[in-house]
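Worksheet: one structure, shown below.
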Amino acid sequence: MAFKKVTHVLFDLDGLLIDSEVLYTQMFTAVCAKYNKEFTWELKKSLLGFQGHECAEKITKTLDIPLSIEEFMKLCQKECEVLFPKVQLMPGAKKLVEHLHSKGVPIALATSSSKESVDLKMKNFPEFLGLFQHLTMGSTDPEVTKGKPDPAIFLVCASRFPDKPKAEDCLVFEDAVNGMKAAINANMQVVVVPDPRIPAEDLKGATLVLKSLEEFKPEAFGLPSFD
Ligand SMILES: [Mg+2]
């Protein structure tokens, strides 16, 4: 199958470049347990790609937890200060990002996370983070008015490259269904590296589905190949 050539690449962060989704699960599980509620995979799945306050709203409503969104988020913050600095890069993430950077391909990060959360999670990887031309962090970015599956985050992120690429010249990497939909809604091609529990039928709109970033062949999208 042939794909359309691209010039710019946008990366999701959580669950795609870093193995953080498991930490979010631990964080929400711990906070919900304080109220004797179970944070299920069904609920977790529905949150992927959401901004922080959207997660808090959905969880407190769905599980009937007697906290305001702010109170819930404060408890989460406490948990993640301990959990997040332990995060690891996903297999193939470093190799791919370093490769595209070394070949001069413009790359950027488009994450629904807040700046504080990205700072905590990337504490041990400053050089890696420095390879991206710019970072769009949805939860604390006033221009990103809605979370994924709204296309705002990818459109805002693309607009921040100095040469302002067209949507069709951008390739998105995502791990979540909401993120995939956001990319499609932005009219961009999207490579999805999903959690293996996500059923294939949920990923129908993806341009390409991979088991790992290690499988990605840049030349398939007109990008410089690995030497
Ligand atoms: Mg993600």
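The values are calculated or read from the model by the stated rules, or taken from the named source; none is laboratory data. Since this is a predicted model, take the numbers as computed values, not measurements. FYI the Cβ positions are ideal-geometry reconstructions off the backbone, even for glycines, and counts take in every protein chain you see. Heads up: the accessible areas ignore ligands, DNA and RNA and are worked out on the full protein's heavy atoms, side chains in. Shrake-Rupley method; radii C 1.70, N 1.55, O 1.52, S 1.80 Å.
Suppose we keep only residues that are basic (Lys, Arg) and open to solvent by 60 Å² or more (accessible area, probe 1.4 Å) within segment 115-143. Which one would you say is nearest to the chain's Cα centre (by Cα)? Steps first, please.
Filtering segment 115-143 down to residues basic (Lys, Arg) leaves 115, 121, 123.
With open to solvent by 60 Å² or more (accessible area, probe 1.4 Å) added as a condition, the list becomes 115, 123.
Numbers: Lys115: 13, Lys123: 17 Å.
Looking at the filtered set, the residue picked out is Lys115.
Please find, among Thr136, Thr111, Thr140, the residue that is out of contact with any Gly (no Cβ under 7 Å at 6 or more places or on another chain), within 16 Å of the ligand (Cβ to nearest atom) and of a type in the set (S, T, N, Q). Walk me through how you get there before you give the answer.
Details: Thr111 fails: out of contact with any Gly (no Cβ under 7 Å at 6 or more places or on another chain); Thr140 fails: within 16 Å of the ligand (Cβ to nearest atom).
Among Thr136, Thr111, Thr140, only Thr136 is out of contact with any Gly (no Cβ under 7 Å at 6 or more places or on another chain), within 16 Å of the ligand (Cβ to nearest atom) and of a type in the set (S, T, N, Q).
Pairing each residue of segment 129-150 that is of a type in the set (Asp, Glu) with any residue that is outside any loop (DSSP other than H, G, I, E, B), provided the two are 6+ apart or on different chains, yields C-beta distances under 6 Å for Glu143/Val156. For segment 1-39, taking the residues that are among the polar types (S, T, N, Q) and more than 22 Å from Ala110 (Cα to Cα), the one that is nearest to the chain's Cα centre (by Cα) is identified as Gln26. Where helices (runs of 4 or more DSSP H) fall wholly inside segment 30-114, the ranges with 3 or more residues that are open to solvent by 60 Å² or more (accessible area, probe 1.4 Å), in the same structural domain as Gly179 (by TED's automatic domain parsing) and not basic (Lys, Arg) are 93-102.
Has segment 168-177 got at least one residue that is at pLDDT below 95, under 30 Å from Lys78 (Cβ atoms) and either in the same structural domain as Val97 (by TED's automatic domain parsing) or open to solvent by less than 10 Å² (accessible area, probe 1.4 Å) (or both)?
Of the residues in segment 168-177, the ones at pLDDT below 95 are 176-177.
Right, trim to under 30 Å from Lys78 (Cβ atoms) and you get 176-177.
Narrowing further to those that are either in the same structural domain as Val97 (by TED's automatic domain parsing) or open to solvent by less than 10 Å² (accessible area, probe 1.4 Å) (or both): 176-177.
Scanning segment 168-177 turns up at least one residue that is at pLDDT below 95, under 30 Å from Lys78 (Cβ atoms) and either in the same structural domain as Val97 (by TED's automatic domain parsing) or open to solvent by less than 10 Å² (accessible area, probe 1.4 Å) (or both).
Scanning segment 211-227 for residues that are without any contact (Cβ under 8 Å) to a residue 24 or more places away in the chain and in contact with a Pro (Cβ under 9 Å, 6 or more places away or on another chain) yields a count of 2.
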